[in-house]
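Notes to accompany the following structure.
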Amino acid sequence: MSDVKKPERLRALPDASIPDLWLSYRRGPAPKCPNEGAHIALQVNSSAKCYRLVCIDCGIASFWFAPGEGGALEAIADDELGDY
Ligand SMILES: [Zn+2]
């Protein structure tokens, strides 16, 4: 069975999928991880008032973002983050 390749696992949630995942998180159905279909949870950075989506199983995550007007997401650079 060693010649059977496993599907490639993502190491991060694809940037392009984040707006849809965020919408799904807020309105349902609950978003699922593309790797194994586990639930995706919201991690809150209270000092920078921003969020990211994280798989509760494999731990892949989105970029940090702040919800803007009209549902747009503003990406937050690492150096804008406080301790969390
Ligand atoms: Zn996962």
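Where does the charge balance sit around TRP64 when Lys and Arg score +1, Asp and Glu -1, over other residues with C-beta under 10 Å from its C-beta?
-2
Count charges around ASN35 for me, please; just the other residues with Cβ under 14 Å from its Cβ, Lys/Arg as +1, Asp/Glu as -1.
Taking every Cβ under 14 Å from that of ASN35, the sum is +1.
I'd like the orientation of helix 18-27 relative to the chain: the angle between its Cα long axis and the longest Cα principal axis, in ° from 0 to 90, rounded to 10.
Relative to the chain, helix 18-27 is tipped by roughly 80 degrees.
Hey, could you grab the Kirkwood Rh for the range 15-75? Inverse mean 1/r over distinct alpha carbon pairs, Å, one decimal.
11.7 Å
Here, each number is a calculation from the coordinates, and none is a lab measurement. Keep in mind it's a predicted model, so treat the numbers as computed, not measured. Note that we place each Cβ from the backbone using ideal geometry, even for glycine, and neighbour counts take in every protein chain shown.
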